[in-house]
1. Can you tell me which condition V363 does not meet? The list is (1) in contact (Cβ under 8 Å) with a residue 60 or more places away in the chain; (2) surrounded by 14 or more Cβ atoms within 10 Å (Cβ to Cβ), and all the others hold.
2. If you scan the stretch 256-297, which residues turn out to be surrounded by fewer than 20 Cβ atoms within 10 Å (Cβ to Cβ), of a type in the set (D, E) and closer than 22 Å to T391 by Cα?
3. Give I191, I184, I248 a once-over and let me know the one that is surrounded by fewer than 20 Cβ atoms within 10 Å (Cβ to Cβ), within 16 Å of the ligand (Cβ to nearest atom) and of a type outside the set (G, A, S).
4. Could you tell me how many of the residues in the stretch 74-101 are surrounded by fewer than 24 Cβ atoms within 10 Å (Cβ to Cβ), aliphatic (A, V, I, L, M) and within 14 Å of the ligand (Cβ to nearest atom)?
5. Residue by residue through the stretch 353-386, note down the ones that are in contact with a Pro (Cβ under 9 Å, 6 or more places away or on another chain) and at pLDDT below 95.
6. Which residue out of P121, P130 is out of contact with any strand residue (DSSP E or B) (no Cβ under 6 Å at 6 or more places or on another chain), within 22 Å of P372 (Cα to Cα) and free of Cβ contacts under 8 Å to residues at least 40 places away in the same chain?
7. Can you confirm whether D164 is crowded, with 24+ Cβ neighbours inside 10 Å and among the charged types (D, E, K, R)?
8. Scanning the stretch 305-339 for residues that are in contact with a strand residue (DSSP E or B) (Cβ under 8 Å, 6 or more places away or on another chain) and outside any helix (DSSP H, G or I), which turns out farthest from A405 (Cα to Cα)?
Amino acid sequence: MRKSAAWPREFPGANWYDRQEERAVLNVLRGKAPFRYYGVAQPRYVAAFEEEAKKVYGVRHALAVNSGTGALMTAMTALGIGPGSEVIVPAFLWVSTVGAVVHANAIPVLCEVDDSLSMNPDDLECKITPRTRLIVAVHMAGAPCDMKRIVAVARKRRIPVLEDCAQCNGGTVEGKSVGSFGQIGMFSLQINKNITAGEGGLLVTDDEGLYLKMLAAHDVGALWRGGGLVPDPRYVAWGTGRRMAELIGAVASVQLGKLARVVGHMRASKKRLKAMLEDTPGLAWRRLNDPAGDTACCLVFYAPDRGRAARTVAAIRDSNLFGASRLAEYGMHIYYNIPQLVHKAPLSPAGNPWSLPQNAGIVREYGKGACPTSDALFERAVILSIPSTLTRPQEQVMAGILRGAVLQA
Ligand SMILES: Cc1ncc(COP(=O)(O)O)c(C=O)c1O
């Protein structure tokens, strides 16, 4: 994808780095305190990040980890996902979401998305079986899922919900933060995300038992409490070495303080872009479950058909300023573009999880066609990023290119 150096890149949080992040990182280095629990000086940033996260997301517990993928895997461990578990995931996701299920030796079950490009609550209901142990709601491309309906389905069947908020940091549903609807919510701080420390992740929950299980599992399998490791038989686990480093915590805690401003800037840009593109023939916006809660890092629209979507993408790329993709070609965000899933790559030569006797009889189809309604939407959907530092003149240029691309397609 060709891009002009003059155009702001779509790294929302990184675009907002300034002296604050620099100062925090320097404090860690000068204090010789790069480890979250102790150092030459007393470390404070990872703990401060967790404290602030509780307020920002409105939850009782927050645990910083070293990546979003690690957060997903830690959550699966705490929720007891293992052989014999079916875990429902949407057709539009990221490879890590489904990878965490496989790493737990469980079997992913695909659910259709609707025109909001998030989990279709009607299909979710159809996909539940007596072996369903978890529903993973993924808030994709900046916008929240229909959490009210998903939670209602889950409650009725007494199945926990894990919210993957990696792509929707700062998103809300009726004013309440994503990540606070399910039993556990997770966020990523990887560079493409609304706030970033390059790498990093966060787990949030209101459930103390789940928090303590995650605390043990993400570390060495015991609880870090009051300055030492406390062996508590209820939470003994095999640890996974996913602690957040203090240098990452330093950047993360500053970035968390900027989240509302970063998202606010993208929302304002998106609102103006949509207004400028209003009534463009051949352009239908992605439906938003809660327009006010969209983090606005992405612009997604439907062309009338596959051909027009492809020609629109080509014309946008020809502008040489910024890129766009048809969702069908949006890499490992689409289930059938994930080779390890389609081919059911095993975790070890033993063939697990697919070969495990506990997983026998679970239907597992991941090739194109497994979710036909979603497939049809992916063919026509066009996605592009809204940089977090767009100026008004840049917004006008962007709207002009988009309108021209749609009209000439
Ligand atoms: C939807 C989704 N889930 C999980 C992840 C994993 O996060 P990380 O890259 O921090 O491991 C990402 C981002 O990469 C993502 O987009």
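The values are calculated or read from the model by the stated rules, or taken from the named source; none is laboratory data. This one's a predicted model, so the numbers in the text were calculated from it and none came from an experiment. Heads up, the Cβs are rebuilt from the backbone with ideal geometry, glycines too, and the neighbour counts pull from every protein chain shown.
1. The single condition V363 does not satisfy is (2).
2. Correct list: E278 only.
3. I191
4. 1
5. The one that is in contact with a Pro (Cβ under 9 Å, 6 or more places away or on another chain) and at pLDDT below 95: R364.
6. Numbers: P130 fails: within 22 Å of P372 (Cα to Cα).
Being out of contact with any strand residue (DSSP E or B) (no Cβ under 6 Å at 6 or more places or on another chain), within 22 Å of P372 (Cα to Cα) and free of Cβ contacts under 8 Å to residues at least 40 places away in the same chain holds for just one of P121, P130, which is P121.
7. Numbers: crowded, with 24+ Cβ neighbours inside 10 Å: yes; among the charged types (D, E, K, R): yes.
Criteria met by D164.
8. I334
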